[in-house]
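Quick note: the coordinates plus some simple rules give every number you see, no bench work behind them. This structure is a prediction, so every number in the text was calculated from the model and none was measured. Note: ideal-geometry Cβ built from the backbone for every residue, glycine included; neighbour counts use all protein chains shown.
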Amino acid sequence: MATGVAGVLAGRRVNAEPETPGEVAWSRKVPVRYEADVAVLGGGIAGVSAACAAARSGAKVLLVERFAITGGDLTSGGVASFCGETAGQGEVLDEILTDMEKFKTIEPYKPYPQADHRVFDHHILAIVLQEILLRRKVKLLLHTRFVDVRLVGGRITECIVCGKSGPEALRAKQFIDCTGDADVARMAGFAVMKGQPHSLPMSMMSFVRHVEKQEPQLPDGWFEPVKTKEALPMTSIWPNGPGSNALKIKIPMFDATDTESLTAAEIRARRRTLEVLDYYQRVLKKGWRYDGCSPQIGIREGARITGDYVLTLKDLRAGRVFDDGVARGVYYLDGHKPDDDKRTYILKKSELKVPPYQIPLRSLIAKDGVNLLMAGRCFSAEQLALSSARVSTSCAMMGQAAGIASAMATQKQTDPRKLDPQLVRRVVEERGGKLS
Ligand SMILES: Cc1cc2nc3c(=O)[nH]c(=O)nc-3n(C[C@H](O)[C@H](O)[C@H](O)COP(=O)(O)OP(=O)(O)OC[C@H]3O[C@@H](n4cnc5c(N)ncnc54)[C@H](O)[C@@H]3O)c2cc1C
């Protein structure tokens, strides 16, 4: 698949446009190093599912991930739990779960809502995901960040990606934005939506090891330790294998699509973690030793791409089915209140439950694009609809549907919008996706 192009002026600046105050113009020729039928940008659970499904359909697939591992929120965000219904999400998630069971590092299956989540070891998930991708012959680029697009009309012809080899072009027929934050759509100038006035809050996952006796670890004068129960932010304590717990701490009011805000969130989250841990060590006398935070803060909402259809709260409440329904959600409206750090929700507790609902193919197709699909937490939905559909099981199912649709589009030499959605649905169902 690597197609280094001889004679390309990689690394040389050419034809810079005239600059205006406060802006610089730059351009550069880069080699077209990669060609694929389907390019997936972002290797979270949605991206891995999309890549695996497209490869299963026979497409030549390339997956671009900015970090060293795939899994996104579930691995580098330390989330380590599949919420919602894990059965019937399609053969990709089935294979992931079967492999996790072989490693004996996932809680046993119980149907939703008898159990609403299955905790697992996220270090093992990172290994399982990479092996599934390689098994299916997906070309995987790690440490490689999507940077920009080249557009002709609404059609993306290439993406510019940048890893240690420097900027390079990736040419594909179909692209799937699984960055969680709509990076591809935003660079293309396509319409996106963000939480107004605020996005769903982020949370930091951290880990403690149980020891016989643990003195407080935060030195005097560092940060602002929590002294009372009332002052604690929302802190969830999860199992994390023998002799360990995971702590999830709510960090509200930051924007995952703004460089400075995201930096500030990471700084705040690491400080806050030690402030909270101090309460458990000093006040509650817990024998918990700090074992570290996940490498990145967990992001619930970045930007959502406006699709041909925007899934609404009303659709979820009605348990709506669609002619082009290709995925399904069951989880409650997990819309944490964005502007405080307590265990609060946008809606009243009595209003959180929704019946099973479908996710239409149209909400996975970028409205302003010709060949851009999306899956996972940047799909086209209202904020409260996202609060349910963002759980990893639904993201996996959306990813599988987007992968099937984009592979089908390349095979039929058309674009996703022109496909008969019934054909996509049929393959989703043939591959174990339960739509009702
Ligand atoms: C704190 C927290 C707790 C949660 N708890 C649960 C739970 O218990 N159970 C559950 O099922 N769900 C839970 N969720 C939700 C769920 O984990 C996520 O919504 C889901 O995993 C998102 O998957 P995704 O693939 O859409 O996005 P992500 O997991 O965010 O993946 C996006 C991927 O794209 C990569 N990427 C981003 N930008 C670029 C770029 N420019 N170039 C290259 N790569 C890029 C990222 O590195 C990442 O790997 C939780 C979420 C949070 C934040």
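With K and R counted +1 and D and E -1, the other residues having a Cβ less than 10 Å from that of T312 yield a net charge of +1. Picking from L134, V161, N240, whose Cα lies most toward the positive end of the charge dipole for the chain (charges on Cβ: Lys, Arg +1; Asp, Glu -1)? It is L134.
Seen from I127, the other residues with C-beta closer than 15 Å to its C-beta sum to a net charge of -3, counting Lys and Arg as +1 and Asp and Glu as -1. Charge tally around V208: other residues with Cβ under 9 Å, Lys/Arg +1 each, Asp/Glu -1 each, net +2. Each helix, a run of at least 4 DSSP H residues, gives -39500 (n - 2.57); summed and divided by the residues of the chain, these come to -7500 deg cm²/dmol at 222 nm. Span-like helix criteria (full DSSP H runs; alpha carbon extent of at least 18 Å along the helix axis; mean Kyte-Doolittle hydropathy of at least 1.6) are satisfied in the chain by no helix. With only the Cα atoms considered, the range 202-293 has a convex hull volume of 95 Å³ per residue.
Express the relative contact order of the chain as a whole percentage, based on alpha carbon pairs under 8 Å and six or more residues apart in sequence. It would help to have the intermediate numbers written out before the result.
On the way: 1064 pairs, mean separation 92.5, N = 436.
Once divided by the residue count of the chain, the mean separation gives 21 percent.
Entry for the chain at q = 0.11, 0.12 Å⁻¹: log10 I(q)/I(0) = -0.83, -0.98, Debye formula applied to identical alpha-carbon scatterers, no solvent contribution.
Just how large is the dipole of the chain about the Cα centre, in debye to the nearest 20, putting +1 at every Lys and Arg Cβ and -1 at every Asp and Glu Cβ? Mind dumping the intermediate values first?
Values: 61 positive and 51 negative charges, 85 e Å.
It comes to approximately 400 debye.
Full extension of the chain between V24 and E260 gives 83.0 nm of extra length, using 0.36 nm per residue less the Cα-Cα distance. Of the beta bridges in the chain, as assigned by DSSP with both residues counted there, near 70 percent are antiparallel.
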